[in-house]
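To start, the structure itself, in structure tokens.
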Amino acid sequence: MTPKPGVVVPAVLPQILLEAVNADTLIVTVNGDRLAATPIHPDEITGTVTELVARLGSPTRVEVRELDGSVHADILTPPTPEPRSPFAPPEDDAPAPVTVPNLLEFTADGFVPGEDVALALVLCHTSAGPTGTARALIDRAEQPSITGEVILLGRISGTTSVQRID
């Protein structure tokens with residue numbers, strides 16, 4: 001494969017894997033990280049892969065694993081950017097950083113089918129006083145960080161699952 005002029009080929013290519021779980025559903029992973037909690041439909045493959053390759057900004061190995069065990073693989077390059085107008089304002093020379101999703105998945109059972117389930121990030125803990133009342137204060141200026149625990153809370157069933165973030 002001869003790279004396009006101006007395309008930087010990394011030593012290790014990013015990888016997009018689309019794995020069929022049934023005739024209407026594919027799970028997408030990027031460099032081993034699952035892309036989304038919601039699988040995609042086969043009609044969405046082209047748009048999803050095109051967007052991901054463009055975001056990654058380099059040649060990318062794309063692999064599709066079918067239900068019958070067959071595997072289709074190719075290396076796709078991001079689209080060539082449109083030439084800039086000489087009247088356009090100057091751009092910053094530094095390329096925008098590419099952020100690859102780094103998703104965490106939390107699952108729990110016991111919810112009513114179709115109910116809304118809230119995901120809450122535990123910011124801190126407090127203790128109940130002698131009357132059973134608890135009070136917590138949050139500083140609006142403080143930036144929350146993703147550490148500690150999350151809670152899945154069923155809005156109808158009241159089902160609660162507290163899970164550690166590892």
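For region 38-118, which GluC sites (Glu not before Pro) pass both filters: DSSP loop (anything but H, G, I, E, B) and at most 14 other C-beta atoms within 10 Å? Before the final figure, lay out each step's value.
On the way: sites: Glu44, Glu51, Glu63, Glu66, Glu91, Glu105, Glu115; in loops: Glu66, Glu91, Glu105, Glu115.
The qualifying sites are Glu66, Glu91, Glu105, Glu115.
Estimated from helices alone, the mean residue ellipticity of the chain at 222 nm is -2000 deg cm²/dmol (sum of -39500 (n - 2.57) over DSSP H runs with n ≥ 4, per residue). Once the Kirkwood radius over Cα pairs is known for region 7-68, the Stokes-Einstein relation at 20 °C and 1.002 mPa s delivers a diffusion coefficient of 178 µm²/s.
Trypsin sites (Lys or Arg not before Pro) within region 55-124: which are DSSP loop residues with at most 13 other Cβ atoms inside 10 Å? Display every interim value, and only then the final one.
Values: sites: Arg55, Arg61, Arg65, Arg84; in loops: Arg84.
Those satisfying the criteria are Arg84.
The local environment of Leu104, defined by Cβ-Cβ distances under 10 Å, has a net charge of -2 under the rule Lys, Arg +1 and Asp, Glu -1.
Could you give the accessible area per residue of the chain, probe 1.4 Å, as a whole number in Å²? I get 74 Å² per residue for the chain. The calculated pair-distance distribution of the chain uses every alpha carbon pair, bins of 5 angstrom beginning at 0, and gives 1, 6, 11, 12, 13, 13, 12, 10, 8, 6, 4, 2, 1, 0, 0 percent.
Result for the chain in a Gaussian network model with C-alpha springs under 10 Å: among His72, His125, His41, the largest mean-square fluctuation is at His125. On the basis of the beta-carbon distance and an R0 of 45 Å, Leu137 and Ile27 show a calculated FRET efficiency of 0.60. For the chain, carbon and sulfur atoms together expose 55% of the accessible surface, with a 1.4 angstrom probe and every protein chain in place. Using 0.36 nm per residue and subtracting the Cα-Cα separation, the extra length available between His41 and Thr77 on full extension is 10.7 nm.
Summing Lys, Arg as +1 and Asp, Glu as -1, what charge do residues with Cβ under 15 Å from the Cβ of Glu44 carry, Glu44 excluded?
Value of the local net charge: -4.
The values are calculated or read from the model by the stated rules, or taken from the named source; none is laboratory data. Note that the structure is predicted; figures quoted are calculated from it, not measured. Cβ sites come from the backbone with ideal geometry, for glycine too, and all protein chains shown count toward neighbours. Quick note on the areas: whole protein, heavy atoms, side chains included, nothing else; ligands and nucleic acids left out. Shrake-Rupley method; radii C 1.70, N 1.55, O 1.52, S 1.80 Å.
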